[in-house]
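Shown next, in structure tokens, is the structure this report addresses.
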Amino acid sequence: MGALWHPFSDMGAVERDGEFVITRGEGAYVFDDYGQRYLDATAGLWFANVGHGRSELADAAAEQMRTIAAYSTFGDFTTDVTVQLAERLAGIAPVPGSKVFFTSGGSDSIETAAKIARRYWVERGEPTRRILVGRDKAYHGMHYAGTSLAGIPGNHDGYGELVADQAHVAWDDPEDLRATIERLGPQNVAAFFCEPVMGAGGVYPPPEDYLLAVRKICGEYEVLFVADEVVTGFGRIGGSWFASSRFGLEPDFVTTAKGLTSGYVPMGAVFVAPKVAAPFFETDAGRWLRHGYTYSGHAVAAAVALANLDIIEQEGLLDEALRLQETLTEQLSPLAHHAAVTEVRCGTGALAAVQLADAPSAMALAKALRLRGVSTRPVGAGGIQISPALIMTDDQVTEMAEAIGAALDD
Ligand SMILES: Cc1ncc(COP(=O)(O)O)c(C=O)c1O
């Protein structure tokens, strides 16, 4: 009986069947404690955009630790690298002039966006605008705001009353958003949270024109639009740093984490559009935002993020993600003809899911894939997650797709 309580797990099953212990990573591969090599189909938990074992990132962390590992960023404190990273992120933000609020991860970023959105309406003199709207199938992390907003059955249950003033809409129908805002009264609705490609809910690319339609509806009713780019950000969407840029969404908030540091150290960031940030930056208004985290803007995380952005730029990984979008579509789509598969969802960034007809067998398929040298996991209701490092080669994608085909036959 080990001491580790694994997140998102049935510990009874883990105790019975044992742990899968990863000890090393190199590029698109990881290795277990027996030295067995696996193609990492998921880039960890959607984060290792530049691949594993990058010494540039280790060097950046070590150098920063020797200089100053961390300091406060509360009040007027900061470290120099934190400022540098904020400026660099503002330069690639989907909305020019955005302010950058640092967090320790995706759930923090969602919590931060939810709180700033509500505070914004208080400052604007419309304090009744408190309702936060999420979509069915959505995943927004596991703090209370994100748990409340999410639309994955089961994730809400057993925690008592969640955050008040929430509403949910269909994941794929802009008119349901409009009808819901009308029903609630726009004067009561603060913000709409939207993953451009739904990730943990099962990798659902947006229906055609969906994103622009919901963006427009939010604009019409002055509901703040939060693009949750914890998965799609920092190149995974392909062709752009962010899905919001690729699809022209001009969001009021962009929540990020994961690919910001490629997961080498925990860090998240929220981009806040100038309109929303403005009241909090007014001179002599005495307007405090009493929110933030000990590790907001952590210096080592900031140094690693800067080095990670360098790699993404130097290696052209935004374009590589578009290449993977094509290769994944080409190699995985034929699996849709397999008797055990109902659908392959792909075609929007370096993201895909193979959907099984028999949802409970997804775990068995993931385990069969391990025996064939591929590490992945179930996602959504009976899907298998594919979100490789953006450095995965076409040959490795082919190898992965062949392994999935063979494991399905098993
Ligand atoms: C879209 C989305 N938002 C938020 C989160 C929460 O991020 P974290 O697990 O870093 O708190 C995730 C995590 O997978 C996510 O996929």
Inset, instruction - Check whether at least one residue in segment 50-58 is of a type in the set (Ser, Thr, Tyr) and surrounded by fewer than 23 Cβ atoms within 10 Å (Cβ to Cβ), and report yes or no. - result: yes
Legend entry - Verdict on SER240 being surrounded by fewer than 24 Cβ atoms within 10 Å (Cβ to Cβ), touching a Pro at 6+ places or on another chain (Cβ under 8 Å), modelled with pLDDT of 95 or more and under 16 Å from SER98 (Cβ atoms): no
Inset, instruction - Kindly indicate whether any position in segment 144-166 is among the aliphatic types (A, V, I, L, M), within 19 Å of VAL214 (Cβ to Cβ) and in contact with an Asp or Glu (Cβ under 7 Å, 6 or more places away or on another chain). - result: no
Legend entry - Residue selected from segment 104-135 under the condition without any contact (Cβ under 8 Å) to a residue 40 or more places away in the chain and over 18 Å from TYR295 (Cα atoms), by the criterion nearest to the ligand (Cβ to nearest atom): VAL122
Inset, instruction - List every residue pair whose Cβ atoms lie under 7 Å apart, where the two residues are 6 or more positions apart in sequence or sit on different chains, the first residue falls within segment 218-240 and is hydroxyl-bearing (Ser, Thr, Tyr), and the second residue, located anywhere, is within 10 Å of the ligand (Cβ to nearest atom). - result: THR232/PRO196; THR232/VAL197
Legend entry - Any chance THR82 is in contact with a helix residue (DSSP H, G or I) (Cβ under 8 Å, 6 or more places away or on another chain), more than 28 Å from ARG24 (Cβ to Cβ) and surrounded by 15 or more Cβ atoms within 10 Å (Cβ to Cβ): yes
Inset, instruction - Look through segment 1-39, keep the residues that are among the charged types (D, E, K, R) and not in a strand (DSSP E or B), and return whichever of them is surrounded by the fewest Cβ atoms within 10 Å (Cβ to Cβ). - result: ARG16
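A quick yes/no check of all residues on (1) within 16 Å of the ligand (Cβ to nearest atom); (2) hydrophobic (A, V, I, L, M, F, W, C):
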site: PHE8; (1), (2): yes, yes
site: GLY12; (1), (2): no, no
site: ASP32; (1), (2): no, no
site: GLY44; (1), (2): yes, no
site: GLY53; (1), (2): no, no
site: THR67; (1), (2): no, no
site: PHE102; (1), (2): yes, yes
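Would you list the strands (runs of 3 or more DSSP E) that sit entirely within segment 145-238 and hold 2 or more residues that are within 23 Å of SER107 (Cβ to Cβ) and within 13 Å of the ligand (Cβ to nearest atom)?
189-194, 224-228
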Legend entry - Residues located in segment 95-144, provided they are aromatic (Phe, Trp, Tyr) and assigned to a helix (DSSP H, G or I): TYR120, TRP121, TYR144
Inset, instruction - Report, ordered by the first and then the second residue, all pairs with beta carbons closer than 9 Å, sequence separation of six or more or different chains, a first member in segment 37-58 that is farther than 16 Å from MET400 by Cβ, and a second member that is surrounded by fewer than 22 Cβ atoms within 10 Å (Cβ to Cβ) and among the charged types (D, E, K, R). - result: LEU45/ARG377; VAL50/GLU56; VAL50/GLU315; GLY53/ARG24; GLY53/GLU26; GLU56/ASP310
Inset, instruction - Pick out the one residue from PHE20, PHE31 that is more than 24 Å from the chain's Cα centre (by Cα) and not assigned by TED's automatic domain parsing to the domain that holds VAL230. - result: PHE31
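Yes or no, residue by residue, for (1) in a helix (DSSP H, G or I); (2) aliphatic (A, V, I, L, M); (3) not assigned by TED's automatic domain parsing to the domain that holds THR23:
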{"position": "ALA277", "(1), (2), (3)": "yes, yes, yes"}
{"position": "PHE280", "(1), (2), (3)": "yes, no, yes"}
{"position": "TYR295", "(1), (2), (3)": "no, no, yes"}
{"position": "LEU335", "(1), (2), (3)": "yes, yes, no"}
Legend entry - Residue in segment 394-410 that is under 26 Å from GLY238 (Cβ atoms) and either free of Cβ contacts under 8 Å to residues at least 12 places away in the same chain or in a loop (DSSP other than H, G, I, E, B) (or both) present: yes
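This table checks each residue for (1) farther than 22 Å from ALA43 by Cα; (2) modelled with pLDDT of 95 or more; (3) not hydrophobic (A, V, I, L, M, F, W, C).
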position	(1), (2), (3)
GLY263	no, yes, yes
ALA273	yes, yes, no
ALA302	no, yes, no
ALA307	no, yes, no
Legend entry - Residue list for segment 239-270, filter: outside any loop (DSSP other than H, G, I, E, B) and more than 14 Å from the ligand (Cβ to nearest atom): SER245, ARG246
Inset, instruction - Restricting attention to segment 267-308, report how many residues are in contact with a strand residue (DSSP E or B) (Cβ under 9 Å, 6 or more places away or on another chain), closer than 17 Å to ALA70 by Cα and of a type outside the set (A, V, I, L, M). - result: 7
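The values are calculated or read from the model by the stated rules, or taken from the named source; none is laboratory data. Just so it is clear, the structure is predicted and the values come from calculations on it, not from any experiment. Note that we place each Cβ from the backbone using ideal geometry, even for glycine, and neighbour counts take in every protein chain shown.
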